[in-house]
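Down below is the structure, laid out as structure tokens.
Laboratory data are not the source of any read-out in this text; all were calculated from the coordinates shown. None of these values were measured; they are calculated from a predicted model. Cβ sites come from the backbone with ideal geometry, for glycine too, and all protein chains shown count toward neighbours.
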Amino acid sequence: MTRSFDELVAEADSVSVDGWDFSWLDGRASEQRPSWGYQRSLGERLAGVSAALDVQTGGGEVLAGVPALPPLMAATESWPPNLAKATRLLHPRGAVVVADPDEPPLPFGDEAFDLVSSRHPVTVWWDEIARVLRPGGTYFAQHVGPASCVEIVEYFLGPQPGAARNARHPDHERAGAEAAGLEIADLRTESLRTEFLDIGAVVYFLRKVIWMVPGFTVAEYRERLHAMHELIESEGAFVTYSTRTLFEARKPR
């Protein structure tokens with residue numbers, strides 16, 4: 001049976017959004033994956049280093065899915081529910097999880113790591129990444145790209161200014177990395193079709209990815225949510241496009 005708007009919204013508004021696992025959306029939303037396979041590529045790089053740091057690790061899900069970790073593996077995270085989840089996942093793998101406010105400085109000494117990684121960091125402190133990398137070390141990350149899911153953002157917030165649409169542009173990130181003394185080895189962005197198949201999936205997504213519609217609550221946006229529910233019912237999905245940037249940079253020897 002088709003579930004009502006109220007049922008879908010009430011369910012999605014009550015489930016936990018801790019961690020960075022999106023499996024609750026299975027069968028309710030879909031997103032194309034970048035061609036480069038970030039987790040697999042990260043695993044290949046981790047297998048060849050002795051010391052690595054994963055910045056803004058979320059609930060540790062990506063790192064925990066890598067086949068082998070180096071002898072020294074550290075991760076940072078700021079949000080307490082994610083810290084607890086990352087600790088449960090990563091401590092059995094021999095990794096240490098460090099509480100960090102996601103502001104400079106990183107809580108590590110100079111030239112401590114062969115590899116610094118991050119999947120979807122909220123902020124990137126290039127000078128700090130360069131500082132903690134050893135000469136010849138690598139920063140390997142998947143960033144959220146410019147205007148990611150802007151269709152869903154503008155549905156709720158209206159047209160966004162150019163500055164907001166161009167935030168996280170790879171040209172700006174390249175400039176930041178190079179200003180910190182890093183050399184770009186790989187930089188590419190892909191646009192990926194994303195479909196929300198019911199309004200509950202939208203509510204869950206906006207509760208979890210809190211910077212999309214800052215301050216989002218069901219009560220505040222109930223009217224717009226109901227209109228989107230009717231659109232999904234008539235068209236089968238709400239379609240938007242996420243953007244992802246693969247970033248690899250090296251510190252000169």
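Data table
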item: Degrees separating the helix 5-14 axis from the principal Cα axis of the chain, which is the longest one; result: 30
item: Acute angle (nearest 10 degrees) that the helix 222-235 long axis makes with the longest principal axis of the chain, alpha-carbon atoms; result: 80
item: Counting DSSP beta bridges with both ends in the chain, the antiparallel % (nearest 5); result: 60
item: Part-to-part distance (alpha-carbon centres) for region 45-113 and region 137-178, which is given in Å; result: 24
item: Relative contact order computed over region 1-96 (Cα-Cα under 8 Å; 6+ residues apart), in percent; result: 28
item: Selected from THR138, THR123, THR194 as most flexible by GNM, with the chain as the system and alpha-carbon contacts under 10 Å; result: THR123
item: The chain, helix-only ellipticity at 222 nm - DSSP H runs n ≥ 4, -39,500 (n - 2.57), divided by all residues, nearest 500; result: -9500 deg cm²/dmol
item: Residue-span extension gain [ALA179 to ASP21] - 0.36 nm each, minus C-alpha spacing; result: 53.5 nm
item: The chain: most fluctuating residue of ILE232, ILE199, ILE210 per GNM, C-alpha cutoff 10 Å; result: ILE210
item: Kirkwood-type radius of the chain, with distances r between different C-alpha atoms, in Å; result: 19.3
item: Net +/- balance of residues flanking GLU11 in space, Cβ distance below 13 Å, scoring K and R +1, D and E -1; result: -1
item: Sequence-separation-based contact order of the chain, relative, with Cα cut under 8 Å and 6+ spacing, percent; result: 24
item: The chain: most fluctuating residue of ARG168, ARG88, ARG207 per GNM, C-alpha cutoff 10 Å; result: ARG88
item: The chain: angle of helix 80-90 to the longest principal axis, Cα-based, in degrees nearest 10; result: 60
